[in-house]
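The values are calculated or read from the model by the stated rules, or taken from the named source; none is laboratory data. All values derive from a computational prediction rather than experimental measurement. Cβ placement follows ideal geometry from the backbone for every residue including glycine, while neighbour counts extend to all protein chains displayed.
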Amino acid sequence: MNDENLGRSIEAIAQWYVPGEPPDPAELDRRQDGAGEHRDQSRLRSVMLVAATIAAVVGGLVMVRVLRTEDSSLRPTTSATSDVPNDSLPVSSDPAVPPVTTIAAADPSTTTDSAAQDDPAREPLPVTFAEAWRPLASSPLSPRNAAIGAWTGREVLIFGGTTLPLCPVCDYAAAPEPLLDGSAYDPAADTWRTIAPPPAEVALTASAVVIGDAAFVAGLGGEELELWSYSIPADDWSRIDVPADAPVAFPTLAPGDRLVFAHSETADPGQLDYLYDTATGSWSTLPNSPFGVGWFDRTYLGVDGQLVLFAKRPFSDVEPDEPNVVAAAVLDETAGVWRRLPDSQQLDAPYFAEGSTAVNPDRGGADGGSVNGWGRVVPNGGEFRLDDETWHPFAIDEAGVAWQGGVAGTASAVYRGVQGDVYDAVTGARLAMPTLPNGFGNDSQMTIVAAGLDVFVFGGFDGQVDGLPVSNDAYLLDADRIG
Amino acid sequence: MSEVESAQWPDELVALYRGEYRSMVRLSASMLGSTAEAEEVVQDAVVGLRRRWGQIDAPKAYLRRSVVNGSVGVLRRRSTADQARMDPAPAQAPHELVELRDLLLRLPERQRAAVVLRFVAGLDDEQIGEDLGVRRSTVRSLVARALTTLRRELDGGVR
């Protein structure tokens, strides 16, 4: 470990803090006039809160502390996410610590039988996993970490990655180097084929969304948004022109074969999110949402053909003894206006949609800790049903503190890890993945791709072995919906 | 900005304020763990700078020093309830960074300030010493002790 890495990490952490626009000087003058009164009130509120806490403890009130899975320390650094890759405050632009996100496209070969799913007389079939992971044919790719992956409906695209684990506090003789080659794995034939290497610019801090016969790749790290398209049939990369003020963000799939590029936080009222129509190659801006300056964790999700925006309130608007639950709005594209939806009673935004239901599968919850306890445990996850605009947070259970494996729908899924359970959004059941043969866990920075319902994993590093060797092993866990 | 404001706030000060606002907030937030609190600190510091405007040779350094002092003041006044208002880490942040952030926010005030001035503001020992009112050797000691603490704690969880 060296001081340079440590220093770069501290510098990167500073980027997590996103200031708003500086207030006008006149506003500072006004605030200054009222500052004394405000501070007195604030201090009084704090004293009262501490007194109330002490009284609660003395009174024998025992508060069960439940770890929030919102706490990133519980999250795998390599979680592969799907439709909400940009569900955070701006992530470090430090190329040494990119997030790894992988987008899963629905499997067109197993198109949802909506009629069958809607037939109340027909019991939904539960998803089931095979008993063990299946080792796949040797990859032509060198061992690597944090490669970008995407499911085309027929093949898993793997490209990029790094030579070493992305560990800002590890003592490397050399920094992790980006890898530029790529390969496609065909699960039906258990074969790999080399694909055109991506441009260097997309090698790190990017994620991919497959729409039709193209993968669209964008990510963090640059001063401006860079969007690339990989044509699967032509095996060719091309750069897409982007508006100058489009936010630097991961692409999020939106209804109508479009991509959303969103600001993770509203920094100023004039800030706009962008839509890219992959069919026409045109850009448009989204109307300003009802969530004003300071709202954060803004994430979009396509739900039943509509665009839903989730966000959380500015800290200044939330009393310390109340949870900051997820709020939502839905876009009326015809009228060009957002309509505010009821607030949730859960802490984390949905990131997967099954029909008209948006899901965050995370179990567990939080009670605000011992200092500013909320007086109740607030669930992390749950469901939002757009058809009747109701939230259904999950019940709290003690087993729910573990990091989750993801969520499976009728024909598509988002897998965020290989440990913890997977939520079946069709039946409401939860099922566990078997242990990977190489013992890799959620902290191995492997690439995880939902290949339809199957789980594909590639690469990563072995955290149990000195030197943290990286791997090019690939495994597949078969999943099906069978009666 | 309106004409009234222009008359009240010197253009040079307004330019400095607008130009340095975000970096100063990040500097303070790195010490406090809270963007909201940091914004208050910086705004207070700017108001203080305005009062002294014309009497100060190096306004930017003065502003930075005010921000550091204001941040330390917040830390000293901070109640346990305030501590819970710290910004959450980004949802996708690597857990090593989250752990490092938490450790950084547990460093003693002066060590924390020295490390933040070194790595967030990019200052050298001499500049840090001026801001903190200590000698260069003390700065080196503060930074070294802070980094040693961070490394030791991180070694417990990360190889």
Pairs with Cβ under 9 Å, 6+ apart, first in region B:104-122 and farther than 13 Å from B:Ser141 by Cβ, second surrounded by fewer than 23 Cβ atoms within 10 Å (Cβ to Cβ) and polar (S, T, N, Q): B:Leu105/B:Gln83; B:Arg106/B:Thr149; B:Leu107/B:Thr149; B:Leu117/B:Gln127; B:Val120/B:Ser23; B:Ala121/B:Ser23; B:Ala121/B:Gln127
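Consider region B:55-78. How many of its residues are under 19 Å from B:Ser34 (Cβ atoms) and part of a helix (DSSP H, G or I)?
Total satisfying the criteria: 13.
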Qualifying strands (runs of 3 or more DSSP E) (wholly inside region A:195-269; at least 1 residues being surrounded by fewer than 20 Cβ atoms within 10 Å (Cβ to Cβ) and without any contact (Cβ under 8 Å) to a residue 60 or more places away in the chain): A:227-231, A:236-240
Region A:300-335, residues that are on the phi < 0 side of the Ramachandran plot, in contact (Cβ under 8 Å) with a residue 60 or more places away in the chain and assigned to a loop (DSSP other than H, G, I, E, B): A:Pro320, A:Asp321
Selected residue (criterion: nearest to B:Arg26 (Cα to Cα)) from residues of region B:98-132 that are in a helix (DSSP H, G or I) and β-branched (Val, Ile, Thr): B:Val116
Given (1) touching a strand residue (DSSP E or B) at 6+ places or on another chain (Cβ under 7 Å); (2) assigned to a loop (DSSP other than H, G, I, E, B); (3) crowded, with 18+ Cβ neighbours inside 10 Å, number of the condition A:Pro437 does not satisfy: (3)
Test: residue in region B:77-93 that is more than 12 Å from every other protein chain (Cβ to nearest Cβ) and of a type in the set (S, T, N, Q): no
Condition check for B:Ser28: within 12 Å of chain A (Cβ to nearest Cβ) and either touching a Phe, Trp or Tyr at 6+ places or on another chain (Cβ under 9 Å) or hydrophobic (A, V, I, L, M, F, W, C) (or both): yes
Count - residues of region A:279-299 that are away from every other protein chain (no Cβ under 14 Å) and at positive phi: 1
Residue that is farthest from A:Ala358 (Cα to Cα) [pool: residues in region A:403-415 that are out of contact with any helix residue (DSSP H, G or I) (no Cβ under 8 Å at 6 or more places or on another chain) and modelled with pLDDT of 90 or more]: A:Tyr415
Number of positions in region A:453-472 that are more than 19 Å from A:Glu131 (Cβ to Cβ) and not in a strand (DSSP E or B): 11
Residue within region B:124-138 that is more than 10 Å from every other protein chain (Cβ to nearest Cβ), modelled with pLDDT of 80 or more and touching a Leu at 6+ places or on another chain (Cβ under 7 Å) present: yes
Residues that are modelled with pLDDT under 85 and surrounded by fewer than 18 Cβ atoms within 10 Å (Cβ to Cβ), drawn from region B:76-109: B:Arg76, B:Arg77, B:Arg78, B:Ser79, B:Thr80, B:Gln83, B:Ala84, B:Pro108, B:Glu109
